[in-house]
Structures are given as structure tokens and as C-alpha cells.
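The values are calculated or read from the model by the stated rules, or taken from the named source; none is laboratory data. Note that this is a predicted model, so its numbers are computed, not measured. Glycine gets a Cβ as well: all are built from the backbone with ideal geometry, and neighbour counts include every protein chain shown.
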Amino acid sequence: MLRLLTFLGFIFITTFVSAEEPSVAISKGENKLIVPLESEETENFSFHAQSTYINQKHNDFYSPYNSANSLLSRSEGSDGRSYSLTGTIYLGARLWDNTEVYYNPEMFSGTPFTGSLVGLGGFQNGELQKGAFAPPIYYTARAYVKQTFQFGGEREYLDSSANQLAGYVDTNRLVISVGKFNTLDFFDDNTYSHDPRVEFQNFSLFSMGAYNYAADTKGFTFGIVAEWFKDDWLFKVARLAMPKVPNTADLDYSLQDNYGDQAEVSHQHILFGQPGVARFLVFRANAFMSTYQDAIDLGVRTSTTPDILSTRYGYQSLSGYGLNIEQALSKDVGFFARWSWNTGNTETQTLDISQSLSGGFSIKGSSWGRPEDTIGIGYAINGISASEIDYLNRGGLTAFIGDGNLQYDREKIFEAFYSIKAHKYLYLTADYQRIENPAFNSARGPINIFGIRAHAEF
């Protein structure tokens, strides 16, 4: 009841306190629109907010055995329920020409299935990366400075949105951002599947499953990002802080020992008269981590179960790449697809996925008189490396998975949702996910997850 009252209170505030909606439509993927120079003014301060409530329940699935990192069936003691509630305020200010600062205080409350985030390669709710917290916690989600260097070309208008001040920029420009933020604020974007608060909720569908990106236990990092916009091209590079100990809150702010490097190139195109974007990402993580082979070797020498916590001998690296495509098929139908891969030789800092192929469709409701409604249909296939398979076969546990034994098969995830615009600021969503071979174990599952989502924003 407290969670519901909190969410309804946010809706009341957004309904009666918020300003009018922007008068100019924008392209969601690039958040831009070229318009006559006299039509809009430069924004010096912005205030936006959001609140999202997700409630999910899973079935009493088949589970002949389990271990410490298994997602439990209801017959094994789980109540099969999970929820998350977030509230975020987005503040932005223009310090002077071409220099902006952003600050986001945030509230989070949530509980994963079985009380901890375990038992899946692709987790079912992207909001639960922040862990298990009840009562709510309050923290700074983002705090960063953005400096833009204008190099000419056409003038382009950026409309006001969360962490984006309205104003004109050159189509040829360099943007440097320094501070605290989420890696996915800048990388692996996609118009049709990128935000679990409004689109697909499963990690394997709203992001590259095998992208081992920098994040603390709440999903945020610290670092520097450089973005060069050049007409239809966009080039990005970043060095971001990894935790000093894997999957903890203590980031290495020096950016010298525990860090993630990434570079991404994007190109906008027109195909059969419809817009699209193709992106290619490479990444490398360097951190104080164990390798699966070191843990296996120690287990063999000592006749014990291998344990990555016992073999963090020094700094290791994990690298990979990803392809990300979005393509409009018509005014109301869009297609997306991602392929990602990493070496899979070390313990993970994000998800236990070394290869992931995903794709799907986003369909607006114009044809049935509901243009603001959205249907989403997506599918993902995830895999892990040979060394991790061997480690799990021997009874090892990672930060997120480990059933004590493994009958390996690829994890397969189907997700479908229907999102209704119920009010000027409110979206309600029914969501269904089916996960076969959870945590890459064909001996367990399949898991059917039914969810509802309420999202308010202005």
C-alpha cells in the first residue's frame, strides 16, 4: 500500500505542477529536429521527473535441484513475487554558453525474486540492477558536466528532455561529459529497445547481453565520455570506473587500475524511404578479477569446489564487441537487433552472458486508433564461454548464477508487452516473459513471468 501511495503521489505532482508539453515533436532516437532558427529559444534551466513501478510474478516451474544462486520455484520456498519502485528528478542548468551541468537525485525500493538478483543470465527487470532495498533508499544517480565545442555545419535544435537542455547546436560538434552517470546513458542506444521503464524490461533485450559495462551495485559509474557528431555519423569513446572489488559499490575513481574502455561508431541512414541507425561497439574491461580457469585449477589441486573469490590474483582483462541495428519499417513499425560477444574468461561485472543475439519489433497503435500505445515483441538467445561452463559444471558459483550442477543449453528469452497511454503523463503496461533454460541449465524451467508496469513522466 505504501508503494502504491508513493507512486500515486508522484502522478498528482506531475499532473498539477508540471509545465506544458514541448510544442515541437522530436526524433526519439537522436533527440533532435532541425527547425527554423527563430522558432524556439535556448533553455537555461530544466526540471523533469519520472516514477516507475514494476510488479512481477513467476510460475511454479520445474526444478529438480537448486543451489545458493538459483532462482527458486514457489515449491522451493519462494513466493514468486518481485517488485521495483523508482523516482527520479532530472535537474539541468546552463552555466554559460556550451557548458551544462546535470544532477539527478533518485529513490529506489525493490525486491528481486528469492530476495537477491540471482538465477538468470538475462534478468527480467532492468530496474533491479540496483539490488534489494526495502524500505526505500535515496542517492545521487547522476551528477556531471557537459561541455560542447561547436565546429560549424547546419544548425540543429535539441528539444528539452531529461538531462537535455533545449537549444541550438552545430551538426559538427564535440561533446565532453565528465562525472557520474550510467554507461547506457551514452552507449548501446536504440529507439525501439533501450529503456526498461517504457520499453522491453529484460536485460537481454534493452541492452547488449554480453556488454560488460562499468557499473557499481546501483548501476552507475564515474568517468569521461567524448562524443563527436559529424552530420550522419556519431563517434564515441569513454573511460569509465569499475569497482575495486567486482560487483561492489566502491568505484576506482583514479581510472587507472579498475576501468572500462569503450568506443562506438553510429551511422544514420535511409533504407526504402525509412530512417535507421547502425552502431558498432568495442569494449575492454581491466579490473581486479578472477579467471574461471584459475578457479578450476585451484579446485583440482586442492580437491575442492572451484571458487572465483579465492583466485583473484591480480588485474585481468575481458574484451568484446557488439552490433546494434534499428530500422523503421513504416511510420508505426520499427525493428531492432543486437549481437554481442565477449571473451568470457573472467568473472562478470554485469551479466553472466558471453554471447547474445536479440531482436524484435515495436508497433504503435495508430491502426486501431491508439497512436500513443505500443506493442513490443522480442526474443533473445544467450550463451556463456567454455571456461564458465566447465566452472559451473564443477559446482562453482558466480556473482549471479550457479545451480550446483549444470546441464548446459543456451538461455532463450521471449518478451511481449502492451503499453497504454492512460493519461497525459501516465503509461500502463502488461508484460509477459518466458525464459527457457534459466541460467543456461536445461534441467530447470521454463519460467513464465507476468508483470505490470506503471510509468509517469514529465
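Starting from residues that are in contact with a Lys or Arg (Cβ under 9 Å, 6 or more places away or on another chain) and closer than 27 Å to Ser358 by Cβ, keep the ones in region 294-324 and report whichever is surrounded by the fewest Cβ atoms within 10 Å (Cβ to Cβ).
Ser317
Quick check on region 382-418: of everything there that is among the hydroxyl-bearing types (Ser, Thr, Tyr) and part of a strand (DSSP E or B), which residue is surrounded by the most Cβ atoms within 10 Å (Cβ to Cβ)?
Tyr408
Just wondering, is there one or more residues in region 60-72 that are at pLDDT 95 or above, loosely packed, with under 15 Cβ neighbours inside 10 Å and farther than 22 Å from Lys412 by Cβ?
No, region 60-72 has no match at all.
What's the number of the only condition in (1) surrounded by 24 or more Cβ atoms within 10 Å (Cβ to Cβ); (2) part of a strand (DSSP E or B) that Tyr379 fails to meet?
In the conditions (1) surrounded by 24 or more Cβ atoms within 10 Å (Cβ to Cβ); (2) part of a strand (DSSP E or B), Tyr379 misses (1) alone.
So, in region 245-262, exactly how many residues are modelled with pLDDT of 95 or more and crowded, with 16+ Cβ neighbours inside 10 Å?
The qualifying residues number 8.
From the list Leu309, Leu318, Leu351, Leu323, which one is without any contact (Cβ under 8 Å) to a residue 24 or more places away in the chain, out of contact with any Asp or Glu (no Cβ under 8 Å at 6 or more places or on another chain), among the hydrophobic types (A, V, I, L, M, F, W, C) and closer than 30 Å to Leu251 by Cβ?
Result of the check over Leu309, Leu318, Leu351, Leu323: Leu309.
Keeping to region 271-306, report how many residues are under 30 Å from Glu326 (Cβ atoms), free of Cβ contacts under 8 Å to residues at least 60 places away in the same chain and aliphatic (A, V, I, L, M).
3
Within region 430-455, which residues are within 13 Å of Ile54 (Cβ to Cβ) and in contact (Cβ under 8 Å) with a residue 40 or more places away in the chain?
Asp431, Gln433, Ile449, Phe450, Gly451, Ile452, Arg453, Ala454, His455
Kindly indicate whether Ser387 is in contact with a Ser or Thr (Cβ under 6 Å, 6 or more places away or on another chain) and within 30 Å of Thr291 (Cα to Cα).
In short, no.
Are any residues in region 200-220 surrounded by fewer than 24 Cβ atoms within 10 Å (Cβ to Cβ) and within 15 Å of Arg284 (Cα to Cα), and if so, which ones?
Within region 200-220, just Ala215 meets the criteria.
Within region 182-224, track down each residue that is among the aromatic types (Phe, Trp, Tyr) and under 12 Å from the mean Cα position of the chain (by Cα).
Phe186, Phe187, Phe200, Phe203, Phe206, Tyr211, Tyr213, Phe220
Among the aromatic types (Phe, Trp, Tyr), surrounded by fewer than 18 Cβ atoms within 10 Å (Cβ to Cβ) and either at pLDDT below 95 or not in a loop (DSSP other than H, G, I, E, B) (or both): is that true of Tyr157 in this structure?
Considered against the rule, which asks whether it is among the aromatic types (Phe, Trp, Tyr), surrounded by fewer than 18 Cβ atoms within 10 Å (Cβ to Cβ) and either at pLDDT below 95 or not in a loop (DSSP other than H, G, I, E, B) (or both), Tyr157 comes out as no.
From the list Val265, Val300, Val282, Val277, pick out the single residue that is over 29 Å from the mean Cα position of the chain (by Cα) and either more than 20 Å from Phe235 (Cβ to Cβ) or assigned to a strand (DSSP E or B) (or both).
Val300
Residue-wise test of (1) at pLDDT 95 or above; (2) under 18 Å from the mean Cα position of the chain (by Cα); (3) crowded, with 16+ Cβ neighbours inside 10 Å.
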residue: Tyr83; (1), (2), (3): yes, yes, yes
residue: Leu91; (1), (2), (3): yes, no, yes
residue: Arg94; (1), (2), (3): yes, no, yes
residue: Glu100; (1), (2), (3): yes, no, yes
residue: Tyr103; (1), (2), (3): yes, no, yes
residue: Glu106; (1), (2), (3): yes, yes, yes
residue: Gly115; (1), (2), (3): no, no, no
residue: Phe123; (1), (2), (3): yes, yes, yes
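Looking at region 389-427, which of its residues are of a type outside the set (Phe, Trp, Tyr), over 19 Å from Asn202 (Cβ atoms) and free of Cβ contacts under 8 Å to residues at least 40 places away in the same chain?
Residues satisfying the conditions are Asn393, Leu406, Gln407, Ala422.
So which pairs qualify, if the first residue must be in region 245-270 and within 24 Å of Thr291 (Cα to Cα) and aromatic (Phe, Trp, Tyr), the second must be modelled with pLDDT of 95 or more and not in a strand (DSSP E or B), the Cβ gap must be under 7 Å, and the two must be at least 6 apart or on different chains?
That search, which allows pairs on different chains as well, returns Tyr259/Met242; Tyr259/Asp252.
Do we find that Glu436 is of a type in the set (D, E, K, R), surrounded by 24 or more Cβ atoms within 10 Å (Cβ to Cβ) and under 30 Å from Glu76 (Cβ atoms) in this structure?
So Glu436 fails the test.
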